[in-house]
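Rule-based calculations on the coordinates, nothing more; no lab input. Keep in mind the model is a prediction, meaning the values are calculated, not measured. Ideal geometry is used to build each Cβ from the backbone, glycine not excepted, and the neighbour counts take in all protein chains shown.
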Amino acid sequence: MNFMSKIGRVTDEVFPSRVPDCYRELLRVSRQWWDIHNRIRAGDVHDRPDVPADGGLALFCPACPQIGINIPPEIEWKADDRLLYRPQLVSDGNMKLVHQLQKRPEDDVSLSDGEMFIVKRAPYAKHLVNAPQRQPKSKCSNHQAQNHGNLNRNHLDSTGKGACACARHGAFVPHCMVDFQKGERQVNMDYSICQALKRFPGHVQALIVYDICCQWSIHFRQRVSESEFLELYDSLEIIGAVGKWHLAAHIPECFPKFSLNFVEGAGEVDGEILETLWSRLDEVAGMAQAMSIAHHQEVIDEHMNDSNWQKILQLPDSLCEKWSRAEKGLSETGPTFEQLSDSLDASLVQEWTAQERVVMEKRGDHLNIYQVRLEKLPTLAEIRLKLSEMEVRHGNLSGSVSTLTEGLAIEKSQMLLQHHVASLGSTCSVAQKNELLDRRHKLEARITAYENQMSVIMKLNDNTQWSIQDGNTADMDPQVAESSDDLAEYYPDEWLVPEKERVTLPSSFAPGKVERLSIESIAMVEAELRKGQVTDSLESLRLALGEKSLCFRMEVRNANTQWTTHRAWDNIYKFDSEARKY
């Protein structure tokens with residue numbers, strides 16, 4: 001419409017409103033012009049037999065393996081060709097390319113249905129009607145693409161689109177873009193991927209990079225065999241992978257099986273190339289969503305075709321740059337790898353090489369040899385249980401393990417109470433002061449009971465020498481600590497400050513005192529319990545930082561009002577304060 005306004009002003013600068021409105025005619029002529037232009041460029045007027053009817057008007061990547069384009073039809077396939085001529089595709093969905101329901105869709109006229117990037121409507125509709133309508137829940141992480149596959153929107157006939165592109169060069173594959181009716185379902189992406197694979201040799205491997213490949217690939221062959229509208233070469237071997245950006249959101253078991261690092265011959269590919277291609281189409285999504293079905297399809301087709309044309313123009317420079325980068329990387333990593341291999345035992349290197357060959361051929365669960373093995377350290381509760389059982393087996397009924405565990409818990413309570421006192425500041429209310437007194441009384445009672453038990457277990461007397469460190473003082477923000485100085489006027493002699501009292505533990509004695517008291521076994525028990533305490537603290541710190549990071553991602557970034565922004569930042573401060581306790 002802006003273009004028509006410009007023409008009107010050029011035609012009659014003084015009275016542009018008098019210029020006849022030919023916007024409707026312009027839309028029809030532009031569609032016809034683009035159709036004629038595409039047919040001339042594709043040579044369709046000569047009825048070339050080697051141009052497939054599906055997607056025959058679209059431009060595609062000249063560097064991807066295609067029989068009759070860069071692979072001779074009479075080629076004799078060898079075993080090594082499965083990697084050399086392997087197509088590498090990226091599949092993904094775009095939920096912004098929606099289309100609204102039309103009042104009179106029967107009046108629509110299509111000029112190039114299925115001849116460019118969006119698939120032909122009639123066969124695709126038959127596939128959707130006859131295909132089994134099952135969408136299993138994701139057994140991996142909480143993937144929205146998998147779990148929201150049945151999401152419905154009544155005012156739309158298309159809730160998004162899915163497509164494929166070559167992973168090496170970033171060109172859309174013709175005749176493989178499909179519409180989503182409820183969400184990104186397997187029944188939609190199966191049709192898209194099968195249509196894309198038709199353009200490539202069937203005697204090789206095919207690498208499919210898909211963000212939920214761990215779920216999509218499970219029963220893919222079965223779904224193809226059950227549908228009369230899905231075709232796939234029997235000799236085609238499909239290898240599934242997940243792009244690095246999406247792989248981080250998967251469970252750890254997906255890493256060795258679907259990482260591009262463990263795909264032989266994958267090279268340096270962009271597993272998320274469709275994310276960058278979608279951004280160009282998102283610019284026209286709003287304009288095209290209210291068009292007729294045919295016009296909407298042609299506009300999307302034209303922008304995808306223009307994207308491929310730009311890829312073709314940049315392909316020589318891009319390939320030369322990638323070649324130079326690969327040579328440089330090989331020259332830098334090759335000698336280092338050789339040095340590492342020479343420094344290892346030859347039999348071990350030979351064993352690893354043999355394992356790698358088996359893994360690359362069989363894949364599947366064999367890839368678990370690349371899984372990072374993480375052994376969790378025992379928690380404080382687990383260590384306490386183990387030590388208590390050992391104590392009972394040796395006939396020691398003193399309960400020293402439980403008593404020492406209580407001592408560590410008292411130390412933690414002292415630190416938390418110190419943080420609480422520091423946070424009160426100079427404006428604490430009467431209720432807060434009463435609450436502080438109650439907490440101090442309870443803590444003092446715990447300390448008294450604990451000290452009575454420890455004096456019996458360790459047989460202490462008044463001549464016990466302590467370490468130089470005076471009391472248990474937690475680290476805190478100096479500015480926050482200064483704000484609590486005003487509380488000192490209520491307790492000038494510090495007659496009831498249990499959070500600063502010394503707790504009797506073997507680690508609090510002066511050097512050499514543990515040996516003189518012959519309590520080395522109790523000191524060893526404390527050391528083991530502190531290991532569990534450190535493990536628990538690190539795990540709590542990790543969770544607190546994870547919640548803070550998640551709050552940034554889900555609340556702060558998505559806040560669109562002043563109220564939601566303030567609330568999001570309040571949660572950030574809360575999680576930050578929680579993390580500082582550890």
For the chain, the charge dipole (Cβ of Lys, Arg +1; Cβ of Asp, Glu -1; about the Cα centre) points to a positive end, and the Cα of 437, 72, 93 closest to that extreme belongs to 93
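At 0.36 nm per residue, minus the direct Cα-Cα distance, what do residue 102 and residue 9 gain on full extension? Give it in nm, one decimal, please. Present the calculation step by step, with values, prior to reporting the outcome.
On the way: separation 93, 0.36 × 93 = 33.48 nm, distance 3.26 nm.
In short, 30.2 nm is gained.
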Excluding residues fewer than 8 places away in the same chain, name every one of the aspartates and glutamates whose C-alpha is closer than 15 Å to that of residue 362.
237, 264
Full-extension gain in nm, residue 534 to residue 219, via 0.36 nm per residue minus C-alpha separation:
108.9 nm
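Among 120/198; 96/161; 139/182, which pairs are too far apart, with a Cα-Cα distance over 19 Å?
Details: 120/198 15 Å; 96/161 8 Å; 139/182 21 Å.
Pairs exceeding 19 Å: 139/182.
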Give me the dipole magnitude in Debye, nearest 20, for the chain about the Cα centre, with unit charges on the beta carbon: positive for Lys and Arg, negative for Asp and Glu.
1260 debye
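Go ahead and run the numbers for FRET between residue 74 and residue 276, Cβ-Cβ distance against an R0 of 41 Å, rounding to 0.05. Write down the numbers at each step before the final one.
Working: r = 38 Å, r/R0 = 0.92.
Efficiency for this residue pair is about 0.60.
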Could you give each residue of region 242-256 its phi-based ³J(HN,Hα) in whole Hz, using Karplus coefficients 6.51, -1.76, 1.60 with θ = phi - 60°, and x for Gly or Pro?
10, x, 4, 5, 7, 4, 5, 8, 8, 6, x, 5, 7, 4, x
Modelled FRET efficiency - R0 56 Å, residue 420 with residue 459, Cβ distances, 0.05 increments
0.95
If I model a spin label as a point 7 Å beyond the Cα along the Cα-Cβ vector, how far apart are those points for residue 449 and residue 368 in nm?
4.7 nm
What's the center-to-center distance, using Cα atoms, between region 341-398 and region 232-294 in Å?
33 Å
So what's the back-of-envelope 222 nm ellipticity for the chain, counting only DSSP H runs of four-plus at -39500 (n - 2.57) apiece and dividing by all residues, rounded to 500?
-16500 deg cm²/dmol
What does DSSP give for the chain in terms of the percent of beta bridges that are antiparallel, rounded to the nearest 5?
50 percent
Which whole-percent values make up P(r) of region 1-49 when all C-alpha to C-alpha distances are grouped in 5 Å steps starting at zero?
5, 19, 18, 14, 11, 10, 8, 7, 5, 2, 1, 0
Which number comes out as Rg/Rh for the chain once both Rg and the Kirkwood Rh are worked out on C-alpha atoms?
1.14
Amide proton proximity set for residue 156, modelled H, under 5 Å, gap of 5+:
101
Test of understanding: what is the full-extension gain from residue 357 to residue 402, defined as 0.36 nm times their sequence separation minus their Cα-Cα distance?
10.9 nm
Amide H neighbours of residue 250 at under 5 Å, excluding residues fewer than 5 places away on the same chain, with H built from the backbone geometry, are none
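Ranked from highest to lowest mean number of other Cβ atoms within 10 Å per residue, what is the order of the peptides 353-360, 168-175, 250-257? Spell out each step's value before the answer.
On the way: 353-360: 12.5, 168-175: 25.5, 250-257: 16.9.
Highest mean packing first, the order is 168-175, 250-257, 353-360.
Go through 33-44, 259-270 and give me the packing order, highest mean Cβ count within 10 Å leading.
Numbers: 33-44: 15.1, 259-270: 16.9.
Result, highest mean Cβ count within 10 Å first: 259-270, 33-44.
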